[in-house]
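Colleague: Quick one: structure below, then a few questions.
Here, each number is a calculation from the coordinates, and none is a lab measurement. From a predicted model like this one, the values you see are computed outputs, not experimental measurements. Here the Cβ positions follow ideal geometry from the backbone for every residue, glycine too, while neighbour counts run over all protein chains shown.
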Amino acid sequence: MISKGEVVVKLHKSCCEAVAALLFVASAAVGVRASTSLPLQTRSATTASADVETLVSGNSAFAVDLYRRLGEKEGNLFFSPHSISTALAMAYAGARENTEKEMAATLHFSLEQDKLHPAFGRLQTQLKKIQQGGDIDLYVANSLWPQRDHPFLQEYLQLLRRSYGVSITVVDYQTAPAREASRQKINAWVKQATRGKITDLVAPQYLTELTRLVLTNAIYFKGKWLHQFRPLNTKPAPFHISAIQTVQVPMMEQTDSFRYAETESAQILGLPYRGKEISMLVLLPRKVDGLGQIEQRLFVGDFNEWRSRLKGKTVNVFLPKFETTFMVALKPALRILGMVEAFQWPGANFAGFDGDPKWFFIEEVLHKAYVKVDEEGTIAAAATAVVGGYGGVPAPPPVFRADHPFLFLIQENSTGSILFMGRVADPTQVGQ
């Protein structure tokens, strides 16, 4: 599976990549702000683990809210809740008063600031450990692009370094030539962080002479299936976009031991990646047009229920090859979800940036993601178990035929953190 910013066909590869950027536009502030370092928080391992669990639960709730909002438009959908939550958390670190309250409610941040950001740091450390294991390629990076000579508070910069490992690159947004050079530098960082897969994230119109800060987060995933599909088994097959519309797609097929469950309305399949630390969970409605009803009732508790139902079972799996690009400006969706004041001037209060509560506001939140699934790779929660019958002729394995719209998500298995989430409505559409 691949996530990236432009459509490039590479057979027998699999990875996921996504990137998000925050652009803060503010009037020029003057003067120097006093600053002090925030003390390091010392917390027991048990308490720290509980904080990460609380963080993941909140991030998952936000993922569902955002999915339902973005999913109102028809077609394929793919985004990285982890990338968006991380980027917005770095902005939230500077929010104060009602701006802070609205962001916390929208993003489901229930931890206090002094606990929230270290929890994000521990979650990122967990993802780094997976990368170091060598079974998959998983890379997360954060970067800060402040206006040269703007007096940002040192405690804010230190918090981002400590909890998010940000790189800080001073740039200039004051003149048109300097802005363009800064934009190219930001986009070059994004391109490198996503292994060349996401390009031109920040368009020229998003930077002005008032811009004082750009925050970026990039996440890249590339992994191979634990049980790979044989290319020779891939055959053209119908995919039912709706009850009356069908397209031909390359349909992969294999029979092996997977984690599998059924409900009255859907089948659920876990497809493991090598290393078994990242997984793809696929929810396939029983009815061709059943995804919309599931999406309307979707809530965060569903994810835990789906995972708890999964049991090792031999399954005959049919899954289409697909790739899609999705880009979205998130301000409208975030405002509808309750994050209003952060985008207003006057009104927004980001005094945690530079000590001044009157200047900063968020101009836009940009997100771009790409995904590709083929025979060699995709993502799943994996435990391998073969279930055999007792005596007589064994019952045939259940058939999981993903030949109509389905929901999928990519999770880090130990915490359940949702790295990517999406919907395949038409595998033949590659998106933006």
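Colleague: Assign one of three labels to region 251-386, namely rounded, prolate or oblate, based on the Cα gyration tensor with a ≥ b ≥ c the square roots of its eigenvalues; rounded applies when a/c is under 1.5, prolate when it is not and a/b is larger than b/c, and oblate otherwise.
Modeller: Values: a/c = 2.57, a/b = 2.32, b/c = 1.11.
Prolate is the answer for region 251-386, as a/c is 1.5 or above and a/b outweighs b/c.
Colleague: From the backbone phi of region 285-299, what are the Karplus-calculated ³J(HN,Hα) couplings (6.51 cos²θ - 1.76 cosθ + 1.60, θ = phi - 60°) in whole Hz, Gly and Pro given as x?
Modeller: x, 6, 9, 4, 9, x, 5, x, 5, 5, 5, 5, 9, 5, 9
Colleague: Pop out the ³J(HN,Hα) list for region 234-241 in order, Karplus 6.51 cos²θ - 1.76 cosθ + 1.60 with θ = phi - 60°, rounded to Hz; leave Gly and Pro as x.
Modeller: With the stated coefficients, region 234-241 comes to 6, 9, x, 8, x, 10, 8, 4 Hz.
Colleague: With θ set to phi - 60°, apply the Karplus curve 6.51 cos²θ - 1.76 cosθ + 1.60 along region 206-213 and write out the HN-Hα couplings as whole Hz, x wherever there is a Gly or Pro.
Modeller: These are the phi-based 3J(HN,Hα) values: 7, 10, 9, 5, 8, 4, 10, 7 Hz.
Colleague: Can I ask one more? Taking other Cβ within 10 Å of each residue's Cβ, how do 64, 371 sort, fewest first?
Modeller: Values: 64 20, 371 31.
Final ranking by Cβ density, sparse to dense: 64, 371.
Colleague: Taking a ≥ b ≥ c as the square roots of the Cα gyration tensor eigenvalues, with a/c under 1.5 meaning rounded and otherwise prolate when a/b beats b/c, else oblate, which class fits region 96-160? Could the numbers behind the result be given before it?
Modeller: Working: a/c = 2.57, a/b = 1.41, b/c = 1.83.
Since a/c reaches 1.5 but b/c is at least a/b, the shape of region 96-160 is classed as oblate.
Colleague: Arranged by the count of other C-beta atoms within 10 angstrom, fewest first, what order do 156, 67 take?
Modeller: Values: 156 23, 67 20.
So the residues, fewest neighbours to most, are 67, 156.
Colleague: Related question: For the residues 409, 55, what sequence is obtained by ranking on other C-beta atoms within 10 Å, fewest first?
Modeller: Details: 409 22, 55 26.
Ordered by Cβ neighbours within 10 Å, fewest first: 409, 55.
Colleague: Sticking with this structure for a sec: So who's got an amide H within less than 5 Å of the one on residue 419, skipping anything under 5 residues away but keeping other chains? H placed 1.01 Å off N, in plane.
Modeller: 410, 411, 412
Colleague: Could you point to the residue in 109, 133, 163 farthest towards the positive end of region 77-193's charge dipole, with +1 and -1 charges on the Cβ of Lys/Arg and Asp/Glu respectively?
Modeller: 133
Colleague: Work out the charge dipole of region 79-205 with +1 on the Cβ of Lys and Arg and -1 on the Cβ of Asp and Glu about the Cα centre, then indicate which of 196, 145, 80 is farthest towards its positive end.
Modeller: Ranked along the dipole, the leading option is 196.
Colleague: How big is the gap, in Å, between the Cα center of region 220-246 and the Cα center of region 60-81?
Modeller: Centre-to-centre (Cα) distance: 22 Å.
Colleague: Cα centroids of region 252-277 and region 287-316: how far apart, whole angstrom?
Modeller: Here the answer is 11 Å between Cα centres.
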